[in-house]
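So the structure is just underneath, and the comments pick up after that.
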Amino acid sequence: MKYTPKEIVAILDEYVIGQNNAKKTIAVALRNRMRRLNLPKEMQEEVTPKNILLIGATGVGKTEIARRLAKTFSLPFVKVEASKYTEVGFVGRDVESMVRDLAMASYALVKKEHKEMIAESIDELTIEKIAKKLIPEPPSSASEEKKEDYKIAVEKMKQKVATGQVDELKIKLEIHKKPDEGLDGSLPPEVAKIQESFSRILGGLDKKEVSKEVTVKEAMTILKNEAAEELLDNEAIKNEALKRAEENGIICIDEIDKIAVNSKSSSRQDPSKEGVQRDLLPIIEGSTVTTKLGQLSSEHILFIGAGAFHLARPSDLIPELQGRFPLRVEMESLDEKALYDILTIPKNSILRQYAELLRTENVEIVFDENSIKAMAKFAALANEKTEDIGARRLHTVIERVMEDISFKADEFAGEKITIDENLVSSKLSDLIENVDHARYIL
């Protein structure tokens, strides 16, 4: 990847409003990984990622920055909730499962890329299979002339299948009922092996093939998956997925403040909180975890912790864990201007999403400037008077404004509807003034 930190921030600006400090920190962390790969081999081992702790209220974009970064640059990424994990010895998920989840995310990402690379070959094999289903193969005792005619007929049929001329024709497919190869990475390796053994035994007992009559169009989808499995080199995908997860993986640990133990609290009702923190230490520091793809080292995985820290402070985490997150970024709260920008600037802003949804019903929706400002204003007021849930408040506000139009969309087919300030005020002003109602409705 040749992007500079400035270019990375510019890309993030298209999707996430504000939070420049967080964007800069994450962009530098990403660029440092690229720099590390250009170092001599012995030096590479010494350079570890500087993990980041994002501190800010809900809905300000903590997770979105990391997720968007991973999606844009095709990096293996998982977002996990710290509160879902339990200390070893308690019932629940152990912290190593986040690394196994990352391995599976990497596997899915690499497999998708490999599929795209051989998409043409997959299509050709699928079309060939369907053409041969439509034209029965002559018996082995047939003359050479008959066999040549069959080859010509198959080639002609392949062209018809490719151009969609025979989409509605029905063919019979033998669909193999095989045990699911979902590679559930969340299970401990020992349990996964037992589950796999049972699947093989049960799969061996039930080797039935389901015969199903489908259209050529439906068969294309079914047989494409089969063709992909035949053509893909699964071992190569697993090896690349492991390497990608180790070198470029990002794990976002959300709600990390929920496992912090408040120093002022005399009663420690959940003794597993500190246990989870202690279990996290070796994973974040760097240890080898057994996954279904093989041994995965977490030494160079970038960990991004995120939390609101309303009831606890970062200093309430155990000192060793604090030291594993050397970079801390305070996220800014979203004011009225930021909420307005969120509605207007991003590529796929919420307003564009609503307009496109209703366009599918042949209804054209236009938001005038004053209505957008009014929605941002009401969202900011609701955040002030009740709980501050950041940009998530906009979804509630817009849904409230659009509810009736969305419900009666069939009556407005072919029309152009302009959302103005009066409509927004009529839907929201009473609710905002009544704080008790706003708590439950907005």
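Computed from the coordinates by the stated procedures, all read-outs in this text should not be read as laboratory data. Because the structure is a prediction, the values reported are computed rather than measured. When we count neighbours, we look across all protein chains shown, and the Cβ atoms used for this are built from the backbone with ideal geometry, even at glycine.
Sequence-distant contacts, meaning Cα pairs under 8 Å at least 6 residues apart, place the relative contact order of the stretch 228-383 at 24 percent. Neighbour counting of Cβ atoms within 10 Å sorts the residues T72, T86, fewest neighbours leading, into T72, T86.
What you get for the chain, charging only the Cβ of Lys and Arg (+1) and of Asp and Glu (-1), is a dipole of about 800 debye around the Cα centre. Of all the options V261, V397, V366, the one that moves most in a Gaussian network model of the chain with Cα springs shorter than 10 angstrom is V366.
Based on C-alpha pairs under 8 angstrom that are at least 6 apart in sequence, the stretch 1-115 has a relative contact order of 19 percent. Once the Cα atoms are used to define both axes, helix 234-248 deviates from the longest principal axis of the chain by about 20 degrees.
Along the stretch 329-338 the Karplus relation, 6.51 cos²θ - 1.76 cosθ + 1.60 evaluated at θ = phi - 60°, assigns HN-Hα couplings of 10, 8, 7, 7, 6, 8, 8, 4, 5, 4 Hz to successive residues, with x for each Gly and Pro. Here the relative contact order of the chain, from alpha carbon pairs under 8 Å that lie six or more residues apart, stands at 23 percent.
Amide H contacts for L53 (H built 1.01 Å from N in the peptide plane; partners 5 or more residues away or on another chain; cut-off under 5 Å): G305, L327, R328, V329. Taken one residue at a time, the phi angles of the stretch 369-383 give Karplus couplings (6.51, -1.76, 1.60, θ = phi - 60°) of 4, 5, 5, 5, 4, 5, 5, 5, 5, 5, 5, 5, 5, 4, 5 Hz. Gly and Pro are set to x. Working note: 222 nm ellipticity from helices only, DSSP H runs with n ≥ 4, each -39,500 (n - 2.57), summed and divided by the residues of the chain, gives -17000 deg cm²/dmol to the nearest 500. Within the listed set N239, N51, N422, the Gaussian network model of the chain (springs between alpha-carbon atoms below 10 Å) gives the highest mean-square fluctuation for N422. Among the lysines of the stretch 227-318, pairs that are 8 or more positions apart or on different chains and have alpha carbons within less than 30 Å of each other number 6. The H on the amide N of E361, modeled in the peptide plane, is under 5 Å from the matching H of no residue at least 5 residues off or on a different chain. Computed from phi, the 3J(HN,Hα) profile of the stretch 298-304 under the Karplus parametrisation 6.51, -1.76, 1.60 (θ = phi - 60°) reads 8, 4, 10, 6, 8, 9, 10 Hz, with x in place of Gly and Pro. Dividing the radius of gyration of the alpha carbons in the chain by their Kirkwood radius gives 1.05 for Rg/Rh. Treating each Cα of the stretch 307-434 as an identical point scatterer and summing with the Debye formula, the log10 of I(q)/I(0) at q = 0.09, 0.10, 0.19 Å⁻¹ comes to -0.36, -0.43, -1.04.
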